[in-house]
Amino acid sequence: MKKLNVTTYLAIRDIPVEELFPLLEFLSDTSSAVIFMNLESSDSFNLMTMLPQKKRDRIVQCLIDLEGAEERLLQQVLVKVEKEIATVLSTRYDTVDIKDRLVEFICRLKSSQRISVLEVIKDKKKAFYNKLHKKIMEHKEKNGIFFFEDILSFRDEELRDNIQKKMDIREIAMAVKGADEAITAKIMKNLSRRVQEMVMDDLQYIESVTRQQIDEAQNEIMMALMKKKK
């Protein structure tokens, strides 16, 4: 079953479990079951333990029914659930800011996905993009967040001094694997020909690398650059 839409999904996950619990009184068992499916496993467990036995049993039964349902029926259910959850949230949390939810969502994306999403928003709604971009910058500064694509703002000499001299070849290869073309080009042009060849060779043998390993390698590069900038 597909997740709730982005705004509802983030709004639900942004509500503390102790505040989400009383909201279930206003929701059907089916909507409650869908909420459980969209929470972190630890939050789902904590919320489930707070429910009365009868409510818990009904939700479990709904989860079983949804698991065996056809995709067409699941989509119909999801549409109705979306409306019900949105109605309850609008009466209880009528100040939820869509831009705030989008900022949180965008900041969680990997670099290539984030660039793609922002380009779509920029092309379709330039004014909204400008406001959203400002909020993202504020969120980054407040929470000490930096993106891998921020590497494009560094001077070439900063990259040469901090990447080739301080980073392991395999880390560089993992960092550029799946990265945006502009970022890859920026990094590669600031490596010596010999190191470029070594990185390209490594890229052929890291097919099984995980997203977490890529993120860690990209973070290592950015941490080295940010320390130098400070």
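Every residue, every condition in (1) over 14 Å from LEU78 (Cβ atoms); (2) at pLDDT 85 or above, yes or no:
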{"residue": "ILE35", "(1), (2)": "no, yes"}
{"residue": "GLU40", "(1), (2)": "yes, no"}
{"residue": "MET48", "(1), (2)": "yes, yes"}
{"residue": "ARG56", "(1), (2)": "yes, yes"}
{"residue": "GLN61", "(1), (2)": "yes, yes"}
{"residue": "ILE64", "(1), (2)": "yes, no"}
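For the stretch 27-41, how many residues are free of Cβ contacts under 8 Å to residues at least 40 places away in the same chain and more than 12 Å from THR8 (Cα to Cα)? Residues in the stretch 27-41 being free of Cβ contacts under 8 Å to residues at least 40 places away in the same chain and more than 12 Å from THR8 (Cα to Cα): 7 in total. If you go through the stretch 110-135 and keep only what is closer than 21 Å to GLN218 by Cβ and either touching a residue at least 60 places away in the same chain (Cβ under 8 Å) or touching a Phe, Trp or Tyr at 6+ places or on another chain (Cβ under 8 Å) (or both), you end up with LYS110, SER111, SER112, ARG114, ILE115, LEU118.
If the condition is being β-branched (Val, Ile, Thr) and modelled with pLDDT of 75 or more, then the stretch 96-121 contributes VAL103, ILE106, ILE115, VAL117, VAL120, ILE121. When each of MET222, MET188 is tested for being surrounded by 13 or more Cβ atoms within 10 Å (Cβ to Cβ), under 19 Å from GLU158 (Cα atoms) and either in contact with a Cys (Cβ under 7 Å, 6 or more places away or on another chain) or touching a residue at least 40 places away in the same chain (Cβ under 8 Å) (or both), the lone residue that passes is MET222. Within the stretch 38-68, the set of residues being aliphatic (A, V, I, L, M) and surrounded by fewer than 14 Cβ atoms within 10 Å (Cβ to Cβ) comprises ILE64 only.
Pairs, please: C-beta under 7 Å, at least 6 apart or cross-chain, first residue under 14 Å from ALA175 (Cα atoms) and in the stretch 197-214, second of a type in the set (D, E, K, R)? Close Cβ pairs satisfying both conditions: ASP202/ARG170; LEU203/LYS177; ILE206/LYS177; VAL209/LYS177; ARG211/LYS110; ILE214/LYS177. Would it be correct to say that THR30 is at pLDDT below 80, over 24 Å from the mean Cα position of the chain (by Cα) and assigned by TED's automatic domain parsing to the domain that holds ALA11? Taking the combined requirement at face value, the residue does not satisfy it.
The values are calculated or read from the model by the stated rules, or taken from the named source; none is laboratory data. Predicted model, so just to flag it, every value in this text is computed and none were measured. Ideal geometry is used to build each Cβ from the backbone, glycine not excepted, and the neighbour counts take in all protein chains shown.
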